[in-house]
Amino acid sequence: MLKKSAANVVGIVLALFFLFPTYWMITSALKPKGSTITSDYDLIPFSVTFSNFATAWSKPGFLSSLGNSLMVTLIAVLAAIIVGITAAVAMSRFAFRGRKSFVLLMLVAQMAPFEALLIPMFLMMRDLQLYEHLSSLVLVYFAVTLPFCAWTLRGFVNGIPVELEEAAMVDGCGRWGAFQKVTLPLLGPGLVATSVFAFITAWNEFLFAKVLIRSQDLETLPVWLSGFQTAFGTDWGGAMAASVLFTVPALVFFLIVQRKMVAGVTAGAVKG
């Protein structure tokens with residue numbers, strides 16, 4: 001009983017520790033300008049205003065940057081999930097020459113820092129005449145998130161007994177039919193976790209978006225958010241309000257994907 005209480009206390013402390021930056025961001029966005037960064041910071045704001053949200057919403061380029069980020073991120077993540085799940089099944093279910101080396105290559109690709117890929121990616125996009133095109137960001141985000149998707153989904157595929165697929169093939173399903181009717185529904189939780197993490201990785205990316213895109217009409221939300229810091233100072237209230245707006249699409253994406261996938265897995269379990 002004492003160990004359980006101690007574990008609960010530690011969990012609550014850790015949760016508060018990790019949630020405090022989000023709480024600070026929201027409360028700072030609700031404070032009047034001039035009182036965001038002060039020596040006597042109030043944990044509970046007594047004067048609340050939504051003027052910072054109005055400033056962030058009316059800042060030029062918000063809606064276009066939002067549309068650019070959504071389009072680039074969704075296309076890249078969808079492509080990475082589709083290719084990643086096929087690669088995961090191949091690495092998990094098929095024995096081919098060099099499979100262990102290929103799995104190791106996937107792991108090594110995840111370790112490469114974004115900064116090390118910047119110059120090669122820039123030269124490649126320039127030679128392909130994709131510089132100043134959103135398609136360059138789609139290709140970069142696809143290449144960055146694909147190793148993570150393939151490696152993570154491989155672990156989920158390994159957790160599904162191969163006997164289930166073999167039983168489906170004995171009942172008349174082909175390889176594709178067994179994957180579609182047996183493996184894919186059971187991969188629901190894995191697809192949720194992988195797609196959310198891949199979405200967050202592409203959604204928050206700043207470096208490539210800053211280097212490969214110079215036009216303000218094509219910039220993404222992270223680059224647009226950096227516009228609150230100028231040579232004359234930083235509008236902290238507007239920046240915090242914009243950060244809150246920046247997190248909303250990722251949160252909505254997580255809620256939608258989780259609900260759809262959990263509903264699909266539950267329906268498949270009942271039908272089975």
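The values are calculated or read from the model by the stated rules, or taken from the named source; none is laboratory data. The model shown is predicted, which means the values in this text are computed figures rather than measured ones. Neighbour counts run over all protein chains shown; Cβ positions are idealised from the backbone, glycine included. SASA here: full protein model, heavy atoms, side chains in, ligands and nucleic acids out. Shrake-Rupley method; radii C 1.70, N 1.55, O 1.52, S 1.80 Å.
The figures follow:
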quantity	calculated
Residue in region 184-200 that is hydrophobic (A, V, I, L, M, F, W, C), over 30 Å from Trp151 (Cβ atoms), open to solvent by 40 Å² or more (accessible area, probe 1.4 Å) and within 23 Å of the chain's Cα centre (by Cα) present	no
Top-ranked residue in region 87-102 [being of a type in the set (Lys, Arg) and part of a helix (DSSP H, G or I); ranked as surrounded by the most Cβ atoms within 10 Å (Cβ to Cβ)]	Arg93
Residue match in region 249-259 (condition: surrounded by 13 or more Cβ atoms within 10 Å (Cβ to Cβ), part of a helix (DSSP H, G or I) and among the basic types (Lys, Arg))	no
Candidate set from region 212-231 (those that are open to solvent by 40 Å² or more (accessible area, probe 1.4 Å) and outside any loop (DSSP other than H, G, I, E, B)); member that is nearest to Phe246 (Cα to Cα)	Leu225
Failed criterion for Gly84 (all others in (1) within 24 Å of the chain's Cα centre (by Cα); (2) over 22 Å from Ala250 (Cα atoms); (3) of a type outside the set (A, V, I, L, M, F, W, C); (4) in a helix (DSSP H, G or I) hold)	(2)
Residue that is open to solvent by 50 Å² or more (accessible area, probe 1.4 Å) and under 29 Å from Val223 (Cα atoms), where the choices are Pro120, Pro161	Pro120
So Tyr141, is it touching an Asp or Glu at 6+ places or on another chain (Cβ under 9 Å), in contact (Cβ under 8 Å) with a residue 12 or more places away in the chain and either open to solvent by less than 30 Å² (accessible area, probe 1.4 Å) or of a type outside the set (D, E, K, R) (or both)	yes
